[in-house]
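First up is the structure itself, then whatever we jot down about it.
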Amino acid sequence: MRAPGNEHLSKAEWRARVLQARSSVSPSQHAAEAEALASAAASVAAGTVCAYVPFDTEPGSVSLLNALVKAGSRVLLPVIPDVVGPLDWAVYTDESTLVPGRLRGILEPSGPRLGVDAVSEAEVVLVPALAVDRRGVRLGRGAGHYDRSLTSGDADRFAVVRAEELVDSLPGEAHDVPMTGALTPAGLVRLPTVAVM
């Protein structure tokens, strides 16, 4: 994904490329990377951490969430709304509290909804991403839930990606909320977050 000229790919082309690469990751490699991400949880543990349950080929597993809980963090997980907008949130305690969400394949917490403003209580937000660049530009799946949810607060925003998905440059737009770091199986990488024009 770092070949010369990749910085000129469109968002759709980047999405296709990353999803193709993720689909070729073996189950054993995915499991090893998920364990490495869980081991890196200590570097991002805080009083309140907003996270998410990885699905399909996304890096990580619930072991990261469990590691955060074990480290003493209050972990909030997103609940996807019926209409396009900011995410709602609920507390995660363990895997038994997860239920199928509105979108197929996505697990959500079953507890009381805390509202869209709960994200502002977090010191750290772990954000799903297909890739992130060294300026902090994140490539998501395109629904815009996180860009709508991360408009306030001073939380660190860490894109969770495979090491190969931290790239030099991605296409970005002015409404894209910049990431302050990337959490990879190799550890946490802080990013300078440069405004996108």
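Hey, what's the chain come to in accessible area per residue, 1.4 Å probe, Å²? Don't jump to the answer; show the numbers that get you there.
Details: 9110 Å² over 197 residues.
Per-residue accessible area for the chain comes out at 46 Å².
Considering only protein heavy atoms, what is the solvent-accessible area of Glu13 at a probe of 1.4 Å, reported in Å² to the nearest 10?
Near enough 90 Å² of accessible area.
Mind telling me which of Leu114, Leu103, Leu68 comes out most flexible in a GNM of the chain, alpha-carbon contacts under 10 Å?
Of Leu114, Leu103, Leu68, the Gaussian network model singles out Leu103 as fluctuating most.
Taking the Cα centre as origin and putting +1 on Lys and Arg beta-carbons and -1 on Asp and Glu beta-carbons, what dipole magnitude results for the chain, to the nearest 20 debye?
Numbers: 18 positive and 23 negative charges, 51 e Å.
The calculation lands at about 240 debye.
Not counting ligands, DNA or RNA, and with a 1.4 Å probe, what is Arg74's accessible surface area in Å² rounded to the nearest 10?
Rounded to the nearest 10, that gives 90 Å².
Helix 27-39 sits at what angle to the longest principal axis of the chain, using alpha carbons and giving 0 to 90 degrees rounded to 10?
Compared with the principal axis, the helix lies near 60 degrees.
I'd like the Karplus ³J(HN,Hα) series for segment 118-127: coefficients 6.51, -1.76, 1.60, θ = phi - 60°, whole numbers in Hz, and an x wherever there's a Gly or Pro.
Whole-Hz 3J(HN,Hα) from phi for segment 118-127: 4, 4, 6, 7, 7, 8, 9, 10, 8, 10.
Describe numerically, in nm with one decimal, the distance between label points set 7 Å from Cα along Cα→Cβ at Arg74 and at Glu123.
Inter-label distance under the simple model: 1.3 nm.
Can you give the angle from 0 to 90° between the axis of helix 11-23 and the longest principal axis of the chain, with both taken from C-alpha atoms, to the nearest 10?
The helix 11-23 is inclined about 70 degrees to the chain.
What is the percent carbon and sulfur in the accessible area of segment 71-138, measuring with a 1.4 Å probe over the protein chains and ignoring ligands? Could the numbers behind the result be given before it?
On the way: 1710 of 3100 Å².
Answer for segment 71-138 is 55 percent, counting heavy atoms of protein chains only.
Just name one of Ala131, Trp14, Leu98: the one whose Cα is farthest towards the positive end of the charge dipole of the chain (beta-carbon charges, Lys/Arg +1, Asp/Glu -1).
Ranked along the dipole, the leading option is Trp14.
Please work out the FRET efficiency for the pair Leu114 and Ser24, using the Cβ-Cβ distance as r and a Förster radius of 30 Å; give the result to the nearest 0.05. Kindly include the intermediate steps, with their values, before the conclusion.
Numbers: r = 38 Å, r/R0 = 1.26.
Efficiency, rounded to the nearest 0.05: 0.20.
What is the set of long-range amide H partners of Leu76 at a cut-off below 5 Å, with H atoms built 1.01 Å from backbone N?
Distant-sequence amide H within range of Leu76: Val49, Cys50, Ala51, Tyr92.
How large is ³J(HN,Hα) for each residue in segment 62-77, as worked out from phi by the Karplus curve 6.51 cos²θ - 1.76 cosθ + 1.60 (θ = phi - 60°), to whole Hz, x for Gly and Pro?
5, 4, 5, 4, 5, 5, 5, 4, 4, 6, x, 6, 7, 9, 10, 10
I want the antiparallel fraction of DSSP beta bridges within the chain, as a percent rounded to 5.
On the way: 14 of 29 bridges.
The antiparallel proportion sits near 50 percent.
The values are calculated or read from the model by the stated rules, or taken from the named source; none is laboratory data. Since the model is a prediction, treat every value here as computed from it, not as a measurement. So basically every Cβ, Gly included, is an ideal-geometry build from the backbone, and we count neighbours across all protein chains shown. All accessible areas refer to the heavy atoms of the entire protein, side chains included, with ligands and DNA or RNA removed. Shrake-Rupley method; radii C 1.70, N 1.55, O 1.52, S 1.80 Å.
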